[in-house]
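Presented below is the structure to which this report refers.
No lab work stands behind these numbers, since they all come straight from the coordinates. Only a predicted model underlies this, so the values are computations on that prediction, with no experimental measurement involved. A quick note on method: Cβ atoms are made from the backbone with ideal geometry, for glycine too, and the neighbour counts reach across all protein chains shown.
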Amino acid sequence: MMNFIFRRLLAMLLTIWVIATLTFILMHAIPGSPFNSHNGKQLNETVQKNMEMHYNLDKPLPIQYLIYMKSVATFNYGPSIKHPNDTVNSLISDGFPVSFELGMITLIVAIISGLILGVLAALKANHFIDYVAMTIAVLGISIPNFVLASLLIQEFSVNLGWLPPSMWTSWKSEVLPTIALATGPMAIIARLIRTSMIEVLTQDYIRTARSKGLSPFLIVMKHALKNALLPVITLLGTLAAGILTGTFVIEKIFAIPGMGKYFVDSINSRDYPVIMGTTVFYSSILIVLLFIVDMAYGWLDPRIKLHKKEVS
Amino acid sequence: MEPLLEVKQLHIQFQAHGGTVKAVRGIDFTIGKGETLAIVGESGCGKSVSSLAIMGLIDHPGKITNGSIIFKGKDLTRLTSKEMRKVQGIDISMVFQDPMTALNPTLTIESQLIEGLIHQKKMSKRVAKKEAIKVLEWVGISNPHERLKQYPHQLSGGMRQRIVIAMALICEPDLLIADEPTTALDVTIQAQILDLFESIQKRTGISIVIITHDLGVVAKMADRIAVMYAGRIVEMGSKRQVFYHSEHPYTRALLNSVVRLDQTSHSLKPIEGSPPDLFSPPKGCAFVDRCPFAMEVCGRVQPQKSRLREGHQIECWLQDTRAVAVRKEMLASQL
Ligand SMILES: Nc1ncnc2c1ncn2[C@@H]1O[C@H](COP(=O)(O)OP(=O)(O)O)[C@@H](O)[C@H]1O
Ligand code: SF4
Ligand SMILES: [Mg+2]
């Protein structure tokens with residue numbers, strides 16, 4: 001088991017290195033530099049030279065790459081080019097908690113509501129509740145979150161005036177962005193749970209459980225749910241990734257002061273340190289998340305655990 | 001003596017796309033206390049469906065359309081599902097065919113073993129666990145403390161079937177239904193499991209319905225035998241009566257195919273032909289297409305039950321006084 005975890009950690013570091021390198025290559029492959037895209041205004045040539053020197057952009061690319069890898073290894077990306085008074089780290093520690101909160105709340109809401117919707121649909125397969133739940137799910141999957149966000153703002157902020165249309169200051173302001181971001185993943189989870197639950201309920205061990213006179217509720221919660229969750233767990237990593245990147249768009253629409261603003265701006269303005277820092281930071285989070293998902297899978301399905309033990 | 005279970009005129013149908021499958025078409029049988037009844041018949045004749053009906057586990061698209069299942073004076077077909085849950089596992093329990101799929105792969109043996117005691121008998125976890133260890137020792141499982149912590153995939157097939165049996169016994173039911181409990185197991189393990197059933201019965205006086213298509217199992221276990229064909233019980237009697245004094249062409253053909261298997265194993269000749277389509281079962285005897293002694297009346301009219309001797313009855317037109325000649329022919333034949 002320790003052996004397994006150790007090898008996974010090694011693979012995770014390798015993945016981060018590959019992502020960091022790719023980011024570096026892509027970043028330098030897109031035309032433009034941090035200094036010639038300033039609102040179309042051209043900087044004085046000496047000023048630009050000085051700036052490039054200051055940020056090591058005058059050095060040959062291999063050297064830049066090494067400097068960059070050093071900053072990845074030490075988690076120190078130096079100051080932003082666009083906001084010279086802030087370091088990349090301070091931008092992350094400033095914006096990320098908000099994004100993280102939005103992402104986490106969204107994930108939890110999506111999982112819980114997707115679970116309830118999916119289980120209800122499965123238990124009432126081909127009945128009214130099933131059709132309602134699956135209609136919601138299809139709508140949820142097909143409406144992009146930014147469209148849903150605009151609809152929600154129009155209805156609940158502008159027309160009804162119940163909830164604020166922007167910011168991240170009270171629970172009220174968190175409701176609409178969370179709904180906008182959670183609906184898609186919720187719908188995916190609900191459909192997946194429905195399918196796998198219907199499948200699980202036909203299994204022999206469910207009949208065994210019923211032959212013991214257990215209540216339908218207990219059978220679903222204890223005997224069926226864990227098995228039905230397995231395919232959802234596999235998908236959780238992808239869903240979380242979708243939610244994380246989704247936060248960028250939603251934050252923009254609701255003017256939420258999270259990472260999204262810095263990330264999008266940094267790409268537009270070729271703010272190299274910020275691009276690199278946030279990309280590596282976000283990929284690290286995703287990789288750790290996928291690792292946790294794998295561990296959860298082993299916990300849910302004891303057969304997996306044994307398999308890994310045998311391999312290592 | 002009042003029987004423990006009495007099944008009367010039980011009819012079970014399944015609504016399918018092409019129409020209605022008449023899976024069980026009016027069966028009657030009883031089981032006394034401490035008795036073992038074997039239900040035999042080819043695959044698809046309605047053995048499993050009948051046992052599931054007794055357990056209250058027939059669900060959509062299946063339905064009990066007629067008849068009653070009287071257990072200890074109560075008609076189980078009239079109970080609500082909530083009332084039926086008080087019978088399941090407590091009064092009647094079931095052992096299924098395939099121990100590889102009958103246990104939940106994600107739950108420990110302990111959690112599956114004691115849940116009946118905890119949720120049905122409201123025992124504390126501690127007491128239930130003690131009980132579980134006792135039952136595991138009973139069914140011949142060594143290191144029961146260890147086993148409780150394990151998951152099904154960590155155990156062999158025979159071991160799992162012992163667990164399933166322990167699970168069925170843990171609430172001390174009066175009736176155990178075992179649906180082909182050895183079919184999925186190795187031959188050596190099969191014998192052990194059958195021995196286990198016998199010792200359990202000696203110890204507890206439990207009544208057993210054993211469902212099988214293996215006449216070897218019947219010979220070892222049964223007190224009485226019910227032979228099923230196409231949703232009906234065509235012959236019913238004590239083991240001796242059915243094995244040595246059967247007068248039903250189907251039963252005799254069934255017994256004969258085993259004898260042939262023993263003598264020249266390469267020339268096993270099961271009964272030629274196949275059972276009728278249960279979407280539209282024949283008006284008369286369902287065996288008519290395969291029966292070498294079939295008469296004109298057989299295909300037209302369902303034969304009534306006739307009593308050969310005390311406790312031994314069959315459904316066959318050959319018992320009619322007008323068929324004496326054909327009956328003699330049958331008794332003289334190899335079949
Ligand atoms: N869920 C179902 N839907 C339709 N037909 C069924 C269903 N379950 C069983 N049957 C039919 O009932 C008949 C008896 O099946 P079963 O009791 O399983 O036979 P066996 O004697 O082999 O145990 C078969 O013809 C089968 O096709
Ligand atoms: S009733 Fe007729 S067809 Fe059926 S078993 Fe008897 S003789 Fe054969
Ligand atoms: Mg069967």
Residue-count net charge about residue B:12 - beta-carbon cut-off 14 Å; Lys, Arg +1, Asp, Glu -1: +4
Cα gyration tensor category, rounded, prolate or oblate, for the stretch B:1-119 with a/c compared to 1.5: oblate
For B:109, A:287, order by how many other beta-carbon atoms lie within 10 Å, fewest first: A:287, B:109
Directionally averaged projected area (convex hull, Cα atoms, the stretch B:67-115), nm²: 4.7 nm²
Ratio Rg/Rh [Cα only; Rh per Kirkwood] for the stretch A:180-312: 1.14
Convex hull volume per residue for chain A, taking Cα atoms only, in Å³: 169 Å³
Partner chain coverage, peptide A:214-226 - average Cβ within 10 angstrom: 3
Packing-based exposure ordering (other Cβ within 10 Å, fewest first) of A:262, B:151, A:272, A:297: A:297, B:151, A:272, A:262
Rounded tilt (10° steps) of A:2-29 against the dominant C-alpha axis of chain A: 50 degrees
Within chain B, longest stretch free of exposed GluC sites (Glu not before Pro) [DSSP loop, at most 14 other beta carbons within 10 Å]: B:1-271
Residue-by-residue Karplus 3J(HN,Hα) for the stretch A:269-281, coefficients 6.51, -1.76, 1.60, Hz, glycine and proline x: 9, 6, 7, 3, x, 5, 4, 5, x, 5, 5, 5, 4
Value of D in µm² per second that Stokes-Einstein yields for the stretch A:97-183, Kirkwood Rh from Cα pairs, at 37 °C (0.692 mPa s): 234 µm²/s
Restricting the stretch B:78-180 to trypsin sites (Lys or Arg not before Pro) in coil, as DSSP defines it, with at most 13 other Cβ within 10 Å: B:86, B:122
For residues of B:106-115, the mean tally of beta carbons on other chains within 10 Å: 4
Gain upon complete extension [residue B:130, residue B:20; 0.36 nm per residue less C-alpha separation]: 34.8 nm
Pairwise centroid distance, computed over Cα atoms, of the stretch B:301-335 with the stretch B:54-97, Å: 34 Å
Computed over the stretch B:74-153: relative contact order in percent, which uses C-alpha pairs under 8 Å that are six or more apart: 36 percent
Dipole magnitude of chain A about its Cα centre (Cβ charges: Lys, Arg +1; Asp, Glu -1), debye to nearest 20: 980 debye
Alpha-carbon Rg with Dmax, taken over the protein assembly as shown, Å: 35.2, 123
Order of A:175, A:138 - criterion: other Cβ atoms within 10 Å of each residue's Cβ, fewest first: A:138, A:175
Chain B: projected area of the alpha-carbon convex hull, averaged over directions, in nm²: 18.4 nm²
Relative contact order of the stretch B:239-332, defined on C-alpha pairs under 8 angstrom at six or more residues apart (%): 21 percent
Overall dimensions of the stretch B:239-332 by Cα: Rg and Dmax, Å: 14.1, 40
Base-10 log of normalised Debye intensity for the stretch B:195-236 (one unit scatterer per alpha-carbon) at q = 0.18, 0.22, 0.29, 0.34 Å⁻¹: -0.58, -0.79, -1.10, -1.28
Gain on full stretching of the segment that runs from residue A:296 to residue A:61 - 0.36 nm per residue minus C-alpha separation: 80.4 nm
Fluctuation leader among A:76, A:85, A:227 - chain A, Gaussian network, Cα springs under 10 angstrom: A:85
Helix axis angle, B:249-263 relative to chain B longest principal axis, alpha carbon, degrees: 70 degrees
Hz values of 3J(HN,Hα) by residue in the stretch B:229-246 - Karplus curve (6.51, -1.76, 1.60), Gly and Pro given as x: 8, 6, x, 10, 8, 8, 8, 8, x, 5, 4, 4, 4, 6, 6, 10, 10, 5
At R0 = 56 Å, FRET efficiency that the Cβ-Cβ distance of residue B:325 and residue B:43 yields, to 0.05: 0.95
Cα pair distances of the stretch B:114-225 binned at 10 Å [whole percent]: 13, 44, 33, 9, 0
Amide hydrogen neighbours beyond the local backbone of residue B:209, cut-off 5 Å, H modeled: B:37, B:176, B:177, B:178
